[in-house]
Amino acid sequence: MFNHKIVNKNLLIIIPSIIAFFIGLIPTLQYGWPLSWDIIHHVHIAEVYAQYGFTLTDPLISLQNGPQKIGYVPLFHLFIAAIGYITKINYFQIARCLQPLIAAGIVFSVSYVGYKFYGLTAGVSAGFLILSSNLVNRIVLPIPENIALIIFPIAVYLFYISLKRDTYKYALISGLLFILMVLIHQSAAFLLFLTVTSFIIVKSILSRDIYVFKKYLVWILPPVCAAVITLTAVLILDSSIIHNILQNGIGAVTGYKDSISYNYNQPLDLIHYVWQLGIVALLFALIGAVASYKLGLSKSVKDKTVLLVVWIVFMFIFSKINWFGLNMISYRVLIYILIPLSILGGFGLYQTYKWGKQKKISNLPVGTLILGIIFLFATINGVLIASNPKIATFGAQTELGTISIAPPSASEIDLADWFSKNGDKNKRVVISNYYSGMFLVADTGQPLSRDNKALIGKINQSSLIKENIGYIVYDKRLKFSSSNLTYRTQPGGLVYFTNISQIIPKYAKIVYENNDFVVCKVQTAKT
(Lines give C-alpha, C1' and ligand atoms only; values in the text may rest on other atoms or scores of the structure.)
Protein backbone atom coordinates (compact mmCIF):
# COMPACT_ATOMS: atom_id res chain seq x y z
CA MET A 1 0.00 0.00 0.00
CA PHE A 2 2.73 2.45 0.97
CA ASN A 3 4.60 2.68 -2.32
CA HIS A 4 3.89 6.28 -3.24
CA LYS A 5 6.71 8.65 -4.08
CA ILE A 6 7.04 10.41 -0.78
CA VAL A 7 10.17 12.16 0.51
CA ASN A 8 10.48 9.44 3.14
CA LYS A 9 7.63 6.99 3.20
CA ASN A 10 8.94 5.54 6.48
CA LEU A 11 7.58 8.66 8.19
CA LEU A 12 4.16 7.07 7.76
CA ILE A 13 5.05 4.99 10.83
CA ILE A 14 4.15 7.97 13.03
CA ILE A 15 0.55 8.21 11.76
CA PRO A 16 -0.97 5.90 14.44
CA SER A 17 0.91 7.71 17.22
CA ILE A 18 -0.28 11.11 15.94
CA ILE A 19 -3.85 9.83 16.00
CA ALA A 20 -3.23 8.40 19.49
CA PHE A 21 -1.99 11.82 20.61
CA PHE A 22 -5.20 13.51 19.49
CA ILE A 23 -7.27 10.72 21.06
CA GLY A 24 -5.40 11.30 24.33
CA LEU A 25 -6.04 15.02 23.94
CA ILE A 26 -9.82 14.48 24.12
CA PRO A 27 -10.07 13.64 27.86
CA THR A 28 -7.14 15.94 28.60
CA LEU A 29 -9.06 18.96 27.34
CA GLN A 30 -12.42 17.71 28.58
CA TYR A 31 -11.46 17.22 32.22
CA GLY A 32 -9.53 19.50 34.53
CA TRP A 33 -7.90 16.70 36.52
CA PRO A 34 -5.55 13.93 35.33
CA LEU A 35 -7.10 10.50 34.82
CA SER A 36 -7.04 7.76 37.50
CA TRP A 37 -6.78 7.81 41.27
CA ASP A 38 -3.23 6.45 41.19
CA ILE A 39 -1.87 9.73 39.85
CA ILE A 40 -3.10 11.51 42.99
CA HIS A 41 -0.79 9.27 45.02
CA HIS A 42 2.08 9.74 42.56
CA VAL A 43 1.69 13.52 42.59
CA HIS A 44 1.90 13.43 46.37
CA ILE A 45 5.13 11.42 46.25
CA ALA A 46 6.59 13.90 43.75
CA GLU A 47 5.73 16.73 46.16
CA VAL A 48 7.37 14.83 49.03
CA TYR A 49 10.60 14.49 47.01
CA ALA A 50 10.47 18.16 46.04
CA GLN A 51 10.05 19.24 49.65
CA TYR A 52 12.10 16.66 51.59
CA GLY A 53 14.47 15.15 49.03
CA PHE A 54 14.68 11.44 48.22
CA THR A 55 13.31 9.31 51.06
CA LEU A 56 11.90 5.81 51.54
CA THR A 57 9.31 6.99 54.06
CA ASP A 58 6.51 9.54 53.75
CA PRO A 59 6.84 12.32 56.36
CA LEU A 60 3.26 13.47 55.72
CA ILE A 61 1.49 10.13 56.21
CA SER A 62 1.87 8.22 59.47
CA LEU A 63 0.83 4.75 60.60
CA GLN A 64 0.51 3.49 64.15
CA ASN A 65 4.12 2.32 64.10
CA GLY A 66 5.69 5.27 62.30
CA PRO A 67 5.80 6.97 58.88
CA GLN A 68 4.23 5.16 55.94
CA LYS A 69 6.72 3.72 53.46
CA ILE A 70 6.50 5.29 50.02
CA GLY A 71 6.44 1.92 48.27
CA TYR A 72 7.29 3.06 44.73
CA VAL A 73 10.52 3.33 42.77
CA PRO A 74 11.40 7.02 42.33
CA LEU A 75 12.15 7.96 38.72
CA PHE A 76 8.64 8.95 37.59
CA HIS A 77 8.09 11.11 40.67
CA LEU A 78 11.49 12.77 40.35
CA PHE A 79 10.63 13.50 36.71
CA ILE A 80 7.35 15.20 37.72
CA ALA A 81 9.12 17.14 40.46
CA ALA A 82 11.88 18.28 38.07
CA ILE A 83 9.37 19.55 35.49
CA GLY A 84 7.45 21.32 38.25
CA TYR A 85 10.64 22.94 39.57
CA ILE A 86 11.62 24.20 36.10
CA THR A 87 8.19 25.31 34.87
CA LYS A 88 6.49 26.18 38.19
CA ILE A 89 3.40 24.34 36.88
CA ASN A 90 1.09 22.52 39.30
CA TYR A 91 2.02 18.82 39.48
CA PHE A 92 -1.53 17.72 38.72
CA GLN A 93 -1.48 19.76 35.51
CA ILE A 94 1.90 18.33 34.53
CA ALA A 95 0.44 14.83 34.85
CA ARG A 96 -2.61 15.89 32.87
CA CYS A 97 -0.44 17.22 30.02
CA LEU A 98 1.46 13.92 29.89
CA GLN A 99 -1.66 11.95 28.91
CA PRO A 100 -1.63 12.44 25.12
CA LEU A 101 2.16 12.16 25.03
CA ILE A 102 2.09 8.82 26.85
CA ALA A 103 -0.62 7.45 24.56
CA ALA A 104 1.37 8.52 21.50
CA GLY A 105 4.56 7.05 22.98
CA ILE A 106 3.08 3.61 23.61
CA VAL A 107 1.51 3.43 20.14
CA PHE A 108 4.71 4.62 18.46
CA SER A 109 6.79 2.04 20.33
CA VAL A 110 4.48 -0.76 19.18
CA SER A 111 4.39 0.59 15.60
CA TYR A 112 8.17 0.90 15.46
CA VAL A 113 8.81 -2.65 16.64
CA GLY A 114 6.15 -3.95 14.24
CA TYR A 115 7.90 -2.03 11.45
CA LYS A 116 11.34 -3.41 12.34
CA PHE A 117 9.93 -6.93 12.58
CA TYR A 118 7.65 -7.13 9.56
CA GLY A 119 7.89 -3.93 7.53
CA LEU A 120 6.17 -0.56 7.22
CA THR A 121 2.60 -1.67 6.53
CA ALA A 122 2.69 -4.17 9.39
CA GLY A 123 4.13 -1.53 11.73
CA VAL A 124 1.44 1.03 10.92
CA SER A 125 -1.19 -1.70 11.25
CA ALA A 126 0.17 -2.69 14.69
CA GLY A 127 -0.27 0.88 15.93
CA PHE A 128 -3.86 1.01 14.73
CA LEU A 129 -4.65 -2.37 16.32
CA ILE A 130 -3.71 -0.92 19.72
CA LEU A 131 -6.37 1.72 19.12
CA SER A 132 -8.91 -0.93 18.06
CA SER A 133 -8.93 -2.48 21.54
CA ASN A 134 -10.92 -1.43 24.59
CA LEU A 135 -7.65 -0.78 26.42
CA VAL A 136 -7.36 2.67 24.86
CA ASN A 137 -8.61 4.02 28.20
CA ARG A 138 -5.56 2.39 29.80
CA ILE A 139 -2.83 3.83 27.59
CA VAL A 140 -3.82 7.45 28.29
CA LEU A 141 -3.35 7.18 32.06
CA PRO A 142 -0.46 9.34 33.34
CA ILE A 143 1.09 6.64 35.54
CA PRO A 144 4.64 5.21 35.83
CA GLU A 145 3.60 1.88 34.32
CA ASN A 146 2.66 3.53 31.03
CA ILE A 147 6.04 5.27 30.82
CA ALA A 148 7.64 1.84 31.29
CA LEU A 149 5.37 0.40 28.57
CA ILE A 150 6.93 2.79 26.05
CA ILE A 151 10.31 1.20 26.76
CA PHE A 152 9.10 -2.41 27.05
CA PRO A 153 8.71 -3.29 23.31
CA ILE A 154 11.98 -1.53 22.41
CA ALA A 155 13.88 -3.51 25.07
CA VAL A 156 12.44 -6.81 23.78
CA TYR A 157 13.25 -5.87 20.18
CA LEU A 158 16.86 -4.97 21.00
CA PHE A 159 17.37 -8.27 22.79
CA TYR A 160 15.97 -10.14 19.80
CA ILE A 161 18.31 -8.24 17.45
CA SER A 162 21.27 -9.22 19.65
CA LEU A 163 20.47 -12.89 19.00
CA LYS A 164 20.56 -12.31 15.24
CA ARG A 165 23.78 -10.33 15.05
CA ASP A 166 27.33 -11.16 15.99
CA THR A 167 27.53 -8.41 18.58
CA TYR A 168 26.67 -8.00 22.25
CA LYS A 169 25.92 -4.30 21.91
CA TYR A 170 22.15 -4.63 21.57
CA ALA A 171 21.84 -7.07 24.47
CA LEU A 172 23.78 -4.60 26.61
CA ILE A 173 21.57 -1.66 25.59
CA SER A 174 18.45 -3.74 26.29
CA GLY A 175 19.86 -4.58 29.73
CA LEU A 176 20.37 -0.88 30.43
CA LEU A 177 16.75 -0.23 29.44
CA PHE A 178 15.82 -2.96 31.92
CA ILE A 179 17.53 -0.95 34.67
CA LEU A 180 15.63 2.15 33.57
CA MET A 181 12.36 0.23 33.81
CA VAL A 182 13.27 -1.01 37.30
CA LEU A 183 13.59 2.62 38.35
CA ILE A 184 10.23 3.53 36.78
CA HIS A 185 7.91 0.61 37.55
CA GLN A 186 8.93 -2.61 39.25
CA SER A 187 6.07 -4.75 37.93
CA ALA A 188 6.71 -3.80 34.30
CA ALA A 189 10.40 -4.58 34.80
CA PHE A 190 9.55 -7.98 36.25
CA LEU A 191 7.30 -8.80 33.28
CA LEU A 192 10.09 -7.75 30.90
CA PHE A 193 12.39 -10.16 32.73
CA LEU A 194 9.76 -12.89 32.47
CA THR A 195 9.24 -12.24 28.73
CA VAL A 196 12.94 -12.32 27.81
CA THR A 197 13.70 -15.29 30.05
CA SER A 198 10.76 -17.28 28.70
CA PHE A 199 11.79 -16.59 25.12
CA ILE A 200 15.42 -17.54 25.65
CA ILE A 201 14.37 -20.84 27.24
CA VAL A 202 11.99 -21.66 24.38
CA LYS A 203 14.57 -20.51 21.82
CA SER A 204 17.28 -22.74 23.28
CA ILE A 205 14.93 -25.74 23.25
CA LEU A 206 13.77 -25.19 19.67
CA SER A 207 17.25 -24.52 18.31
CA ARG A 208 19.01 -27.02 20.59
CA ASP A 209 21.63 -24.34 21.11
CA ILE A 210 22.59 -23.40 24.65
CA TYR A 211 24.97 -20.71 23.36
CA VAL A 212 22.05 -18.29 23.00
CA PHE A 213 22.37 -17.93 26.77
CA LYS A 214 25.58 -15.94 26.20
CA LYS A 215 23.50 -13.02 24.95
CA TYR A 216 21.11 -13.52 27.85
CA LEU A 217 23.99 -13.28 30.33
CA VAL A 218 25.12 -10.04 28.69
CA TRP A 219 21.52 -8.75 28.91
CA ILE A 220 21.23 -9.56 32.60
CA LEU A 221 24.73 -8.24 33.42
CA PRO A 222 23.85 -4.50 33.73
CA PRO A 223 20.98 -5.00 36.22
CA VAL A 224 23.08 -7.48 38.23
CA CYS A 225 25.98 -5.01 38.38
CA ALA A 226 23.59 -2.22 39.34
CA ALA A 227 22.15 -4.38 42.12
CA VAL A 228 25.65 -5.24 43.44
CA ILE A 229 26.69 -1.57 43.42
CA THR A 230 23.49 -0.60 45.22
CA LEU A 231 23.89 -3.30 47.86
CA THR A 232 27.53 -2.30 48.40
CA ALA A 233 26.55 1.33 48.88
CA VAL A 234 23.82 0.34 51.33
CA LEU A 235 26.25 -1.84 53.28
CA ILE A 236 28.67 1.07 53.58
CA LEU A 237 25.99 3.58 54.58
CA ASP A 238 23.86 1.39 56.84
CA SER A 239 24.48 -2.35 57.08
CA SER A 240 21.41 -2.80 59.32
CA ILE A 241 19.18 -2.25 56.26
CA ILE A 242 20.56 -5.40 54.60
CA HIS A 243 20.02 -7.39 57.79
CA ASN A 244 16.48 -6.05 58.00
CA ILE A 245 15.82 -7.02 54.37
CA LEU A 246 17.14 -10.55 54.99
CA GLN A 247 14.93 -10.86 58.05
CA ASN A 248 11.72 -9.26 56.77
CA GLY A 249 11.98 -9.02 52.98
CA ILE A 250 12.60 -6.05 50.69
CA GLY A 251 8.91 -5.13 50.57
CA ALA A 252 8.62 -4.84 54.35
CA VAL A 253 11.74 -2.66 54.57
CA THR A 254 11.36 -0.39 51.54
CA GLY A 255 7.62 -0.62 51.03
CA TYR A 256 8.20 -1.43 47.35
CA LYS A 257 5.33 -3.44 45.97
CA ASP A 258 3.99 -4.52 42.62
CA SER A 259 0.77 -3.23 41.11
CA ILE A 260 -0.48 -6.48 39.61
CA SER A 261 -0.87 -8.70 42.66
CA TYR A 262 -3.28 -7.91 45.45
CA ASN A 263 -4.57 -9.33 48.70
CA TYR A 264 -7.53 -10.88 46.91
CA ASN A 265 -8.13 -12.32 43.46
CA GLN A 266 -9.53 -10.22 40.62
CA PRO A 267 -9.64 -12.83 37.82
CA LEU A 268 -11.21 -12.30 34.40
CA ASP A 269 -13.08 -14.86 32.35
CA LEU A 270 -12.17 -15.46 28.70
CA ILE A 271 -15.06 -13.32 27.45
CA HIS A 272 -13.57 -10.31 29.21
CA TYR A 273 -10.18 -11.06 27.63
CA VAL A 274 -11.76 -10.99 24.17
CA TRP A 275 -13.78 -7.87 24.96
CA GLN A 276 -10.85 -5.89 26.36
CA LEU A 277 -8.20 -6.97 23.83
CA GLY A 278 -10.61 -6.61 20.92
CA ILE A 279 -11.79 -9.16 18.41
CA VAL A 280 -10.00 -7.32 15.58
CA ALA A 281 -6.55 -7.58 17.19
CA LEU A 282 -7.17 -11.21 18.16
CA LEU A 283 -8.36 -12.16 14.65
CA PHE A 284 -5.41 -10.65 12.81
CA ALA A 285 -2.92 -11.98 15.38
CA LEU A 286 -4.27 -15.45 14.64
CA ILE A 287 -3.92 -14.80 10.90
CA GLY A 288 -0.36 -13.57 11.45
CA ALA A 289 0.62 -16.65 13.46
CA VAL A 290 -0.86 -19.04 10.88
CA ALA A 291 0.65 -17.13 7.95
CA SER A 292 4.12 -17.36 9.47
CA TYR A 293 4.06 -21.14 9.23
CA LYS A 294 1.72 -21.87 6.31
CA LEU A 295 3.11 -19.52 3.66
CA GLY A 296 6.67 -20.84 3.61
CA LEU A 297 8.10 -17.57 4.93
CA SER A 298 11.72 -17.13 6.02
CA LYS A 299 13.17 -18.51 9.24
CA SER A 300 13.66 -14.93 10.45
CA VAL A 301 9.90 -14.25 10.20
CA LYS A 302 9.14 -17.48 12.02
CA ASP A 303 11.60 -16.61 14.81
CA LYS A 304 9.93 -13.23 15.32
CA THR A 305 6.54 -14.92 15.46
CA VAL A 306 7.87 -17.42 18.03
CA LEU A 307 9.01 -14.50 20.18
CA LEU A 308 5.60 -12.81 19.99
CA VAL A 309 3.67 -16.03 20.63
CA VAL A 310 5.85 -16.85 23.65
CA TRP A 311 5.35 -13.30 24.89
CA ILE A 312 1.55 -13.57 24.52
CA VAL A 313 1.27 -17.06 26.02
CA PHE A 314 3.41 -16.39 29.06
CA MET A 315 1.69 -13.09 29.79
CA PHE A 316 -1.67 -14.88 29.55
CA ILE A 317 -0.50 -17.64 31.92
CA PHE A 318 0.80 -14.99 34.30
CA SER A 319 -2.55 -13.19 34.21
CA LYS A 320 -4.21 -16.48 35.23
CA ILE A 321 -1.80 -17.18 38.06
CA ASN A 322 -4.83 -17.50 40.32
CA TRP A 323 -5.06 -21.01 38.81
CA PHE A 324 -2.05 -21.78 41.00
CA GLY A 325 -3.52 -20.26 44.16
CA LEU A 326 -1.85 -16.83 43.91
CA ASN A 327 -3.67 -13.50 43.88
CA MET A 328 -3.65 -11.38 40.75
CA ILE A 329 -5.33 -8.32 39.26
CA SER A 330 -5.70 -9.93 35.82
CA TYR A 331 -6.88 -6.70 34.18
CA ARG A 332 -3.52 -5.05 34.85
CA VAL A 333 -1.72 -7.68 32.74
CA LEU A 334 -3.95 -7.31 29.66
CA ILE A 335 -1.91 -4.43 28.23
CA TYR A 336 1.18 -6.68 28.32
CA ILE A 337 -0.76 -9.16 26.17
CA LEU A 338 -2.10 -6.48 23.82
CA ILE A 339 1.34 -5.15 22.86
CA PRO A 340 2.70 -8.37 21.27
CA LEU A 341 -0.80 -9.26 20.06
CA SER A 342 -0.95 -5.99 18.10
CA ILE A 343 2.50 -6.48 16.59
CA LEU A 344 1.60 -10.00 15.46
CA GLY A 345 -1.82 -8.72 14.37
CA GLY A 346 -0.11 -6.02 12.32
CA PHE A 347 1.71 -8.77 10.43
CA GLY A 348 -1.58 -10.63 9.96
CA LEU A 349 -3.26 -7.49 8.61
CA TYR A 350 -0.33 -6.95 6.24
CA GLN A 351 -0.69 -10.53 4.95
CA THR A 352 -4.43 -9.93 4.46
CA TYR A 353 -3.63 -6.76 2.53
CA LYS A 354 -1.20 -8.66 0.29
CA TRP A 355 -3.80 -11.35 -0.33
CA GLY A 356 -6.43 -8.81 -1.36
CA LYS A 357 -4.14 -6.47 -3.28
CA GLN A 358 -4.87 -8.07 -6.65
CA LYS A 359 -8.61 -8.53 -6.02
CA LYS A 360 -10.91 -5.59 -6.72
CA ILE A 361 -14.37 -4.37 -5.78
CA SER A 362 -15.63 -1.48 -7.94
CA ASN A 363 -12.07 -1.00 -9.19
CA LEU A 364 -10.78 -0.65 -5.62
CA PRO A 365 -8.20 -3.22 -4.40
CA VAL A 366 -9.69 -5.41 -1.66
CA GLY A 367 -6.48 -5.19 0.36
CA THR A 368 -6.60 -1.40 0.39
CA LEU A 369 -10.27 -1.47 1.39
CA ILE A 370 -9.53 -3.82 4.28
CA LEU A 371 -6.71 -1.61 5.56
CA GLY A 372 -8.85 1.51 5.23
CA ILE A 373 -11.80 -0.07 7.06
CA ILE A 374 -9.64 -1.38 9.92
CA PHE A 375 -7.77 1.92 10.30
CA LEU A 376 -11.03 3.87 10.29
CA PHE A 377 -12.64 1.48 12.77
CA ALA A 378 -9.63 1.71 15.10
CA THR A 379 -9.66 5.51 14.99
CA ILE A 380 -13.40 5.75 15.65
CA ASN A 381 -13.09 3.18 18.46
CA GLY A 382 -10.32 5.21 20.11
CA VAL A 383 -12.28 8.45 19.81
CA LEU A 384 -15.45 6.88 21.24
CA ILE A 385 -13.59 5.41 24.23
CA ALA A 386 -11.75 8.66 24.91
CA SER A 387 -15.02 10.63 24.65
CA ASN A 388 -16.91 8.33 27.02
CA PRO A 389 -17.30 9.96 30.48
CA LYS A 390 -16.43 6.59 32.03
CA ILE A 391 -12.79 7.17 31.08
CA ALA A 392 -12.53 9.81 33.81
CA THR A 393 -14.42 8.05 36.60
CA PHE A 394 -12.81 5.55 38.96
CA GLY A 395 -14.32 3.76 41.91
CA ALA A 396 -13.39 1.53 44.83
CA GLN A 397 -15.62 -1.50 45.27
CA THR A 398 -16.27 -3.13 48.64
CA GLU A 399 -18.87 -5.56 49.91
CA LEU A 400 -20.82 -2.54 51.11
CA GLY A 401 -20.94 -0.85 47.72
CA THR A 402 -18.87 1.20 45.27
CA ILE A 403 -17.61 4.68 45.99
CA SER A 404 -16.14 7.16 43.53
CA ILE A 405 -12.46 7.90 44.18
CA ALA A 406 -11.48 9.93 41.09
CA PRO A 407 -11.69 12.56 39.80
CA PRO A 408 -11.94 14.65 42.99
CA SER A 409 -15.57 15.50 43.73
CA ALA A 410 -16.78 19.03 44.40
CA SER A 411 -16.99 18.16 48.10
CA GLU A 412 -13.40 16.87 48.14
CA ILE A 413 -12.19 20.04 46.45
CA ASP A 414 -14.14 22.15 48.99
CA LEU A 415 -12.66 20.06 51.81
CA ALA A 416 -9.14 20.65 50.50
CA ASP A 417 -9.87 24.35 50.08
CA TRP A 418 -11.04 24.58 53.70
CA PHE A 419 -7.87 22.92 54.98
CA SER A 420 -5.73 25.15 52.74
CA LYS A 421 -7.24 28.21 54.40
CA ASN A 422 -7.94 26.98 57.92
CA GLY A 423 -5.95 23.81 58.57
CA ASP A 424 -3.06 23.67 61.01
CA LYS A 425 -0.18 22.01 59.09
CA ASN A 426 1.38 20.99 62.40
CA LYS A 427 -1.58 18.70 63.12
CA ARG A 428 -2.52 15.45 61.44
CA VAL A 429 -5.87 14.46 59.97
CA VAL A 430 -7.61 11.12 60.46
CA ILE A 431 -10.23 10.43 57.79
CA SER A 432 -12.68 7.58 57.21
CA ASN A 433 -12.01 7.63 53.44
CA TYR A 434 -8.31 7.12 52.70
CA TYR A 435 -8.77 7.95 48.99
CA SER A 436 -10.15 11.37 49.86
CA GLY A 437 -7.40 11.72 52.44
CA MET A 438 -4.74 11.11 49.82
CA PHE A 439 -6.19 13.86 47.64
CA LEU A 440 -6.26 16.14 50.68
CA VAL A 441 -2.58 15.61 51.48
CA ALA A 442 -1.56 15.79 47.79
CA ASP A 443 -3.45 19.01 47.17
CA THR A 444 -2.75 20.84 50.43
CA GLY A 445 0.21 19.18 52.16
CA GLN A 446 -1.95 18.61 55.24
CA PRO A 447 -0.37 15.71 57.19
CA LEU A 448 -2.42 12.51 57.45
CA SER A 449 -2.64 9.75 60.05
CA ARG A 450 -3.96 6.26 59.32
CA ASP A 451 -4.70 5.45 62.97
CA ASN A 452 -8.38 4.59 62.61
CA LYS A 453 -8.87 4.17 66.36
CA ALA A 454 -9.51 7.90 66.54
CA LEU A 455 -12.42 7.55 64.11
CA ILE A 456 -14.29 5.10 66.29
CA GLY A 457 -13.53 6.74 69.63
CA LYS A 458 -11.12 4.03 70.81
CA ILE A 459 -8.36 6.46 71.71
CA ASN A 460 -8.53 9.05 74.47
CA GLN A 461 -8.07 12.77 74.09
CA SER A 462 -4.59 12.96 75.60
CA SER A 463 -3.33 10.19 73.31
CA LEU A 464 -4.67 12.02 70.27
CA ILE A 465 -2.87 15.18 71.31
CA LYS A 466 0.30 13.18 71.96
CA GLU A 467 0.06 11.65 68.47
CA ASN A 468 -0.41 15.14 67.04
CA ILE A 469 -3.85 14.33 65.62
CA GLY A 470 -5.80 17.56 65.35
CA TYR A 471 -8.69 16.70 63.02
CA ILE A 472 -11.11 13.82 62.53
CA VAL A 473 -12.93 13.77 59.17
CA TYR A 474 -15.93 11.57 58.38
CA ASP A 475 -17.20 10.78 54.89
CA LYS A 476 -21.00 10.87 55.05
CA ARG A 477 -21.24 8.66 51.94
CA LEU A 478 -19.78 5.72 53.86
CA LYS A 479 -22.95 4.55 55.58
CA PHE A 480 -24.48 1.11 56.00
CA SER A 481 -27.50 -0.32 57.73
CA SER A 482 -26.98 -2.55 60.74
CA SER A 483 -28.93 -3.31 63.89
CA ASN A 484 -25.95 -4.37 65.99
CA LEU A 485 -22.83 -2.72 64.49
CA THR A 486 -21.82 0.93 64.63
CA TYR A 487 -18.90 0.70 62.16
CA ARG A 488 -17.17 -1.61 59.68
CA THR A 489 -13.74 -1.30 58.11
CA GLN A 490 -13.21 -2.25 54.46
CA PRO A 491 -10.09 -2.86 52.31
CA GLY A 492 -8.46 0.26 50.93
CA GLY A 493 -8.82 2.38 54.05
CA LEU A 494 -12.60 2.86 54.12
CA VAL A 495 -14.54 2.93 57.39
CA TYR A 496 -18.35 2.73 57.21
CA PHE A 497 -20.69 3.93 59.98
CA THR A 498 -24.38 3.51 60.71
CA ASN A 499 -24.67 6.95 62.31
CA ILE A 500 -21.77 9.42 62.29
CA SER A 501 -23.32 11.76 64.86
CA GLN A 502 -23.31 8.97 67.44
CA ILE A 503 -19.63 8.11 66.90
CA ILE A 504 -18.06 11.60 67.07
CA PRO A 505 -15.97 11.78 70.27
CA LYS A 506 -17.08 14.29 72.92
CA TYR A 507 -13.69 16.02 72.78
CA ALA A 508 -14.09 16.73 69.03
CA LYS A 509 -15.98 19.79 67.80
CA ILE A 510 -17.52 20.10 64.32
CA VAL A 511 -15.80 23.03 62.60
CA TYR A 512 -16.74 22.42 58.96
CA GLU A 513 -19.30 20.44 57.00
CA ASN A 514 -20.25 20.12 53.34
CA ASN A 515 -22.37 17.71 51.33
CA ASP A 516 -20.09 14.73 51.92
CA PHE A 517 -17.71 15.48 54.78
CA VAL A 518 -17.78 16.43 58.44
CA VAL A 519 -14.60 17.93 59.90
CA CYS A 520 -14.14 17.70 63.66
CA LYS A 521 -11.34 19.51 65.47
CA VAL A 522 -9.82 17.78 68.47
CA GLN A 523 -10.06 20.07 71.48
CA THR A 524 -7.02 20.58 73.67
CA ALA A 525 -7.08 19.32 77.23
CA LYS A 526 -7.61 22.86 78.53
CA THR A 527 -10.81 23.38 76.55
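The values are calculated or read from the model by the stated rules, or taken from the named source; none is laboratory data. Computed from a predicted model, the values in this text were never measured in an experiment. Side chains included, ligands, DNA and RNA excluded: accessible areas come from the protein's heavy atoms. Shrake-Rupley method; radii C 1.70, N 1.55, O 1.52, S 1.80 Å.
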Helix 366-387 axis, angle to the chain major axis (alpha carbon atoms, nearest 10°)
0
Taking the Cα atoms only, what angle lies between the long axis of helix 186-207 and the longest principal axis of the chain, rounded to 10 degrees?
30
What percent antiparallel are the DSSP beta bridges of the chain, to the nearest 5?
70
Let a ≥ b ≥ c be the square roots of the eigenvalues of the Cα gyration tensor of region 267-415; is it rounded (a/c under 1.5), or, if not, prolate (a/b larger than b/c) or oblate?
oblate
Assuming a ≥ b ≥ c are the square roots of the Cα gyration tensor eigenvalues, decide whether region 101-173 counts as rounded (a/c under 1.5), prolate (otherwise, with a/b larger than b/c) or oblate.
oblate
Using a cut-off of 26 Å between alpha-carbon atoms, which lysines can reach Lys521, once sequence neighbours fewer than 8 places away in the same chain are excluded?
Lys421, Lys425, Lys427, Lys453, Lys458, Lys466, Lys476, Lys479, Lys506, Lys509
Does the chain come out rounded, prolate or oblate, given a ≥ b ≥ c as the square roots of the eigenvalues of its C-alpha gyration tensor, rounded meaning a/c under 1.5 and, failing that, prolate meaning a/b above b/c?
prolate
Name the long-range amide H neighbours of Ser62: under 5 Å, sequence gap of 5 or more, or other chain; modelled H, no Pro or chain starts.
Gln68, Leu448, Ser449, Arg450
When ligands, DNA and RNA are left out and all protein chains stay put, how many square angstrom of accessible area per residue does region 7-122 have with a 1.4 Å probe?
41
Contour minus end-to-end for Thr167 and Ala82, with contour as 0.36 nm per residue of separation and end-to-end as the Cα-Cα distance?
26.9 nm
Once the in-chain neighbours fewer than 8 apart are removed, the lysines whose Cα is under 26 Å from Lys354 read Lys5, Lys9, Lys116, Lys294, Lys299, Lys302, Lys304
Can you give the relative contact order of the chain as a percent, counting alpha carbon pairs under 8 Å and 6+ residues apart?
17
Could you work out what % of the accessible surface of region 466-524 is carbon and sulfur, using a 1.4 angstrom probe and leaving DNA, RNA and ligands out of the count?
46
Compute the acute angle (0 to 90°) between the alpha-carbon long axis of helix 279-294 and the principal axis of greatest extent of the alpha-carbon atoms of the chain; round to the nearest 10°.
40
Tell me which residues come under 5 Å, amide H to amide H, from Thr57 once H is placed; ignore anything under 5 positions away on its chain.
Ile70
